[in-house]
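The values are calculated or read from the model by the stated rules, or taken from the named source; none is laboratory data. Just so it is clear, the structure is predicted and the values come from calculations on it, not from any experiment. Cβ sites come from the backbone with ideal geometry, for glycine too, and all protein chains shown count toward neighbours.
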Amino acid sequence: MDPIIEISELTKTYQSGHVALSKASLNVRKGEVLALLGPNGAGKTSLISIVCGLVRATSGRIRVSGLDIERDYRRTRAMIGLVPQELSLEPFETVEGAVTFSRGLFGKSSNPAHVEKLLRQLSLWDKRRQEVRELSGGMKRRVLIAKALSHEPSILFLDEPTAGVDVNLRRDMWNMIADLKQSGVTIVLTTHYIEEAEFIADRIAVLNKGSILLVEETKKLVHRLGGKRIQIEFLDKVPMLPTSLDQFEISLAPDGLSITCSIDSQSEEGDLDVLIKELNKEGIGVRDITTSESTLEDIFLRLITEGDA
């Protein structure tokens, strides 16, 4: 599938000398949900700000639907909606007025039906005549999303869309993102919630210190880098593990009543069976076996740690 966004060798160095991005390259597929993950200062917001035309890159090239974002600024910017982290809204504007005004900023003719549809989708219709200052933080964030979608963009950037909202509202936003994707909108989001990325993203891009460490489909990433952590409880205390078990990467608990080991997701299923047979051969009785799968958070932390090494 041809990419709708092509980012090539993107570098951004601020006047302070801080390098926010260093030759970052990334392609975003049409109609997908791509999550940008990375610690604070990784370059996520800088990357989004450059694509959206808010910040100029030091070097590199960005194309949106085949158009250069600098040479064809108006056309490419009209394709993009942005929901920033900050709740930057005019406090005395009504909800309906704020969304209608944003549509006009992009040269779009008045379309009350479209505005109504957005406000209903975002559960804002009953608050359409309220001033923004009267809304909760979560509702204000919904207004930001409605403003970003007011000119009917084909690409939507969400910078920490669920920051500071409660769990129920976060789930509502996940459902809204799924609906937008179903309608054909391409979505790029940054998030600190690993659960969020795992639940809604088709692919994940991991950034650290201005560089993109990898871009991979979410399920494939979890399968490739995930694994199982296994705890085996013994019937009796084992003061020391026999040398025959040195072939396995295991650790004995301080109380001598259990061992833990990790099995790579790509290793053979029989590895655990071999370990159990060796334990039986050494006369070590097994009481119980428990397993836990690696999460995306485990993988993310490992990638960041390896990237810092």
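Remark: pairs (first residue in the range 126-151, in a helix (DSSP H, G or I); second residue among the charged types (D, E, K, R); Cβ separation under 8 Å; 6+ apart in sequence or on different chains) = Val132/Glu90; Val132/Glu93; Val132/Lys140; Gly138/Asp166; Met139/Lys127. Return a yes/no flag: does the range 154-163 have any residue that is charged (D, E, K, R), part of a helix (DSSP H, G or I) and closer than 25 Å to Gln182 by Cα. No, because not a single residue in the range 154-163 is charged (D, E, K, R), part of a helix (DSSP H, G or I) and closer than 25 Å to Gln182 by Cα. Checking each residue of the range 38-45 against the condition of being in contact (Cβ under 8 Å) with a residue 24 or more places away in the chain, over 13 Å from Gly210 (Cα atoms), surrounded by 14 or more Cβ atoms within 10 Å (Cβ to Cβ) and basic (Lys, Arg) gives no match.
Out of the residues in the range 119-149 meeting the condition of being closer than 17 Å to Ser183 by Cα and within 24 Å of the chain's Cα centre (by Cα), tell me which one is surrounded by the fewest Cβ atoms within 10 Å (Cβ to Cβ). That would be Gln121. Could you list, in sequence order, all residues of the range 200-214 that are buried (at least 17 other Cβ atoms within 10 Å of the Cβ) and under 13 Å from the mean Cα position of the chain (by Cα)? Within the range 200-214, Ile200, Ala201, Arg203, Ile204, Ala205, Val206, Leu207 meet the criteria. For Leu105, the conditions (1) surrounded by fewer than 14 Cβ atoms within 10 Å (Cβ to Cβ); (2) of a type outside the set (Gly, Ala, Ser); (3) modelled with pLDDT of 95 or more all hold with the exception of (3). Of the residues contained in the range 160-169, one or more are found to be of a type outside the set (Ser, Thr, Tyr), on the phi < 0 side of the Ramachandran plot and touching a strand residue (DSSP E or B) at 6+ places or on another chain (Cβ under 7 Å).
Within the range 106-122, is even one residue among the small types (Gly, Ala, Ser), without any contact (Cβ under 8 Å) to a residue 12 or more places away in the chain and assigned to a helix (DSSP H, G or I)? Yes; the residues of the range 106-122 include at least one that is among the small types (Gly, Ala, Ser), without any contact (Cβ under 8 Å) to a residue 12 or more places away in the chain and assigned to a helix (DSSP H, G or I).
Mind listing whichever residues of the range 160-169 are of a type outside the set (A, V, I, L, M), crowded, with 18+ Cβ neighbours inside 10 Å and either closer than 23 Å to Glu93 by Cα or free of Cβ contacts under 8 Å to residues at least 40 places away in the same chain (or both)?
Once the filter is applied, which keeps residues that are of a type outside the set (A, V, I, L, M), crowded, with 18+ Cβ neighbours inside 10 Å and either closer than 23 Å to Glu93 by Cα or free of Cβ contacts under 8 Å to residues at least 40 places away in the same chain (or both), the range 160-169 yields Pro161, Thr162.
Of the residues Lys209, Lys220, which single one is over 30 Å from Ser123 (Cβ atoms), of a type in the set (Lys, Arg) and free of Cβ contacts under 8 Å to residues at least 40 places away in the same chain? One residue alone meets the criteria, Lys220. Leu82 meets the stated requirement of being touching a Cys at 6+ places or on another chain (Cβ under 6 Å), touching a residue at least 12 places away in the same chain (Cβ under 8 Å) and surrounded by 15 or more Cβ atoms within 10 Å (Cβ to Cβ).
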